[in-house]
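Chemist: Take a look at this one; I'll ask things after.
Just so it is clear, none of the values below were taken in a lab; they were calculated from the coordinates. Just so it is clear, the structure is predicted and the values come from calculations on it, not from any experiment. Backbone-built Cβ (ideal geometry, glycine too); neighbour counts: all protein chains shown.
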Amino acid sequence: MKKAKFPEELIGMEVEVIQATNPSLKGIIGRIDDETKETIVVNGKVLLKRAIIIKLANGKLVEGKDLAKRPEERIKGK
């Protein structure tokens with residue numbers, strides 16, 4: 001059975017942090033500058049994927065833990 005994949009490249013997407021374990025990160029709005037297995041960088045701030053819920057520009061809410069893979073693994077569905 002193939003795992004569900006998040007088929008989009010995140011770098012360059014506009015996002016808003018809806019929830020975060022660190023309250024000071026909630027409400028950050030900006031473009032994703034970089035992505036690693038465990039983090040995304042929005043407006044120069046490094047955010048742990050597992051600690052946030054983001055809203056994409058298309059209105060879709062995504063839990064960071066669902067993105068916690070290397071970008072190339074996530075896109076390919078590994």
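Chemist: Just one of (1) 4.7; (2) 7.9; (3) 5.9 is mean projected area of the Cα convex hull in nm² calculated from these coordinates, so which is it?
Modeler: Correct label is (1).
Chemist: Which Cα, out of Ile18, Gly44, Ile29, lies furthest along the positive dipole direction of the range 14-76 (beta carbon charges, K/R +1, D/E -1)?
Modeler: Going by the charge dipole, the pick is Ile18.
Chemist: Also, quick follow-up: So what's the net charge close to Leu10: Lys and Arg +1, Asp and Glu -1, counting the other residues with Cβ under 11 Å from its Cβ?
Modeler: Local net charge: -3.
Chemist: Let's test the formula: R0 of 22 Å, r as the Cβ-Cβ distance of Ile75 and Ser24. What FRET efficiency results, to the nearest 0.05?
Modeler: Efficiency, from the Cβ-Cβ distance: 0.15.
Chemist: Here is a further query. For the chain, what does -39500 (n - 2.57) per DSSP helix run (n ≥ 4), summed and divided by total residues, give at 222 nm, in deg cm²/dmol to the nearest 500?
Modeler: Here the helix-only value at 222 nm equals -1500 deg cm²/dmol.
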